1. Condition first: surrounded by fewer than 19 Cβ atoms within 10 Å (Cβ to Cβ) and assigned to a strand (DSSP E or B). Now tell me which residues in the stretch A:463-484 satisfy that.
2. Residue pairs, Cβ under 8 Å, 6 or more apart or interchain, first in the stretch B:31-51 and more than 30 Å from A:G140 (Cβ to Cβ), second polar (S, T, N, Q). List them.
3. Hey, can you tell me all the residues within the stretch A:285-326 that are assigned to a loop (DSSP other than H, G, I, E, B) and closer than 25 Å to A:F410 by Cα?
4. How about the stretch A:246-262: which of its residues are at pLDDT 75 or above and surrounded by 17 or more Cβ atoms within 10 Å (Cβ to Cβ)?
5. Has the stretch A:123-132 got any residue that is more than 8 Å from chain B (Cβ to nearest Cβ), surrounded by fewer than 23 Cβ atoms within 10 Å (Cβ to Cβ) and at pLDDT below 95?
6. Checking the condition farther than 20 Å from A:V53 by Cβ, of a type in the set (K, R) and buried (at least 19 other Cβ atoms within 10 Å of the Cβ), which residue from A:R111, A:R97 passes?
7. Look at A:T51 and say whether it is β-branched (V, I, T) and in a strand (DSSP E or B).
8. Just checking, does the stretch B:18-38 include any residue being assigned to a loop (DSSP other than H, G, I, E, B), over 10 Å from the mean Cα position of the chain (by Cα), at pLDDT below 90 and more than 9 Å from chain A (Cβ to nearest Cβ)?
Amino acid sequence: MTPAARRRKREPAKRTRNGQRPARRPLPKAPTGISGLDEITNGGLPRGRPTLVCGGAGCGKTLLAMEFLVRGAVEFDEPGVFMSFEETPDDLVENGRSLGFDLQQLSSRRRLLLEHVRIERTEMTEAGEYDLDGLFIRLGHAIDTIRAKRVVLDTIEMLFSGLSDRFLVRAELARLFRWLKKKGVTAIVTGEGDAGRLTRHGLEEYVSDCVILLDQRVLEQSATRRMRIIKYRGSAHGGNEMPFLIDDHGLSVLPITSLGLTHEVSTTLVSTGVAGLDGMFSKKGYFRGNSVLVSGTAGTGKSSLAAHFAEATCRRGERCLYFAFEEAASQIARNMRSIGIDLEPWMRRDLLRVHAQRPTALGLEAHLVAMHRHIEDWQPHVVIVDPVTNMTAIGSDTEVKAMLARLIDFMKMRQVTALFTSLTEGGRAPERTDLGVSSLMDVWMVLANLEMNGERNRTIQIVKARGMAHSNQVREFMMTDDGFQLVDVSRRLDGSVTIGSARGAQQRQGGE
Amino acid sequence: MTHGARRTWRLRLYVAGQTPKSITALANLKRLCEDHLAGRYRIEIVDLVKRPQLARRDEIVVIPTLVRQLPPPLRKIIGDLSNQEKVLVGLDMLPARREA
């Protein structure tokens with residue numbers, strides 16, 4: 001049976017007065033209020049139905065469930081009951097505090113009810129047939145007491161360890177899920193998985209509408225959390241793993257893969273910050289919302305180019321967010337001052353913010369989430385990531401690429417122009433060492449120090465610039481007290497371009 | 001004599017309405033008490049359908065649940081009490097042979 005057929009079966013088609021069938025409604029949803037989760041579920045969890053949230057120990061099930069209740073109570077006027085089979089109300093209050101939630105206050109305002117169900121096999125003797133009516137009554141009473149619209153059962157599988165009759169527990173659980181639906185509450189039921197199973201006792205068999213799998217794994221010494229919507233009946237969902245983060249704001253999921261390639265394309269232009277470089281682009285700059293990659297070996301001037309771009313942004317009165325993975329803000333400011341770029345006034349005027357952090361301080365996903373959060377909070381016009389290659393220190397190339405793709409999509413959606421610097425290892429062609437990220441970029445420039453005739457000369461070339469023509473020349477530039485200065489092109493008679501002393505000699509000879 | 005044998009036993013049976021299991025449990029309990037505690041027991045029936053708030057207070061999950069309040073310590077038996085042996089052991093109702 002197709003999902004659509006199932007839905008029709010569940011909700012018999014009503015006919016309107018004129019005898020026509022009403023348009024099929026999408027499944028009503030209850031927003032979770034959790035950053036990003038509502039985007040990837042197209043609006044939230046199935047309203048009035050149970051959702052299973054499963055995963056291994058410590059994967060964040062309880063916190064997700066808790067945030068669902070807290071946001072429901074605070075933001076959507078839907079009080080909630082948290083029925084815990086493991087943690088005591090005191091533990092829950094403590095956990096809530098780590099997310100910035102005051103569960104005690106919500107409880108005293110009757111927006112939240114914490115109910116601890118303790119079921120210990122050693123404390124009871126089983127003598128004859130029984131059922132779980134006591135649990136139903138407690139839950140029902142809790143729901144009625146605060147007129148709850150949301151319920152969390154965390155984790156109900158504890159019943160299996162508390163009671164010996166597995167068949168009975170299974171039958172009662174099936175009854176409980178039917179009862180929850182009848183009550184019309186939106187519920188999260190958590191379950192702990194192991195050894196390739198979603199939950200130890202197959203809770204997924206009872207939950208037909210929505211199943212979310214959480215996962216935490218350690219990759220190269222950094223823990224990353226991921227979420228996957230395994231099932232969402234009657235609703236489109238990406239089956240991809242989404243990274244998520246738990247911090248003192250609660251959970252954030254990165255709704256990246258759901259973005260797609262539907263962003264608006266801008267035709268406005270922004271200056272590169274270097275007059276001569278603007279001239280190498282037929283439109284005299286980057287398109288707003290472009291992603292720009294600047295690659296080169298160490299000491300080729302990547303950060304300087306980034307600083308020029310940052311300064312030009314601030315000069316326009318726009319905000320620039322600078323993620324620095326190698327240097328502290330003060331160090332960047334000092335270095336740039338030496339080439340005539342004074343960033344400090346812009347920092348003081350809060351047009352430039354520098355977030356300096358060691359890449360290894362956080363896991364890859366955590367970085368991405370933190371960057372998202374900064375971008376979302378401050379809404380910068382320009383974002384600089386310097387250098388993006390340091391991300392490889394904390395993830396494999398494919399991961400970095402996927403992460404960048406998400407970040408780029410996210411920024412394009414917001415028309416943020418982004419500049420990434422990329423450190424190329426010496427002796428290797430930049431095309432080989434740029435993680436394959438260049439394909440994600442709209443503009444790619446390569447900086448190089450050319451050693452020839454006993455001197456090193458700085459060159460820049462535009463490898464690509466989507467949507468506009470650009471110079472095909474390898475241009476020489478100099479790092480002066482006034483920053484990045486492109487040197488006029490000098491040609492030999494055969495048309496080839498000369499640089500460095502050869503250019504000087506040629507110019508003295510009266511060439512071009 | 002087993003401990004507390006001379007004192008009056010206070011037993012509380014939690015039910016949820018007049019279900020077959022509840023009726024069976026009460027009948028089983030009465031018969032056991034008459035056989036072993038004649039004249040020294042009191043049974044209180046708590047119907048959680050009527051007083052749902054007590055389910056939380058007394059930590060009841062399973063129906064029927066029998067709680068021995070006196071003599072201490074508190075003991076819990078779940079089920080319709082049809083397994084007489086288990087009830088007797090669970091409630092510590094059998095005379096302890098060592099002391100006999």
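The values are calculated or read from the model by the stated rules, or taken from the named source; none is laboratory data. No experiment lies behind these values; they were computed from the predicted model shown. Heads up, the Cβs are rebuilt from the backbone with ideal geometry, glycines too, and the neighbour counts pull from every protein chain shown.
1. Within the stretch A:463-484, A:V463, A:K464, A:H470, A:M478, A:M479, A:T480 meet the criteria.
2. B:L32/B:Q84; B:R40/B:T8; B:Y41/B:T8
3. Answer for the stretch A:285-326, where residues must be assigned to a loop (DSSP other than H, G, I, E, B) and closer than 25 Å to A:F410 by Cα: A:G285, A:R288, A:G289, A:N290, A:R316, A:G317, A:E318, A:R319, A:F325, A:E326.
4. Across the stretch A:246-262, the qualifying residues are A:I246, A:G250, A:L251, A:S252, A:V253.
5. Of all residues in the stretch A:123-132, those more than 8 Å from chain B (Cβ to nearest Cβ) come to none.
No, because not a single residue in the stretch A:123-132 is more than 8 Å from chain B (Cβ to nearest Cβ), surrounded by fewer than 23 Cβ atoms within 10 Å (Cβ to Cβ) and at pLDDT below 95.
6. After applying the criteria, what remains is A:R111.
7. Judged against the criteria, A:T51 is a match.
8. Among the residues of the stretch B:18-38, at least one is assigned to a loop (DSSP other than H, G, I, E, B), over 10 Å from the mean Cα position of the chain (by Cα), at pLDDT below 90 and more than 9 Å from chain A (Cβ to nearest Cβ), which makes the answer yes.
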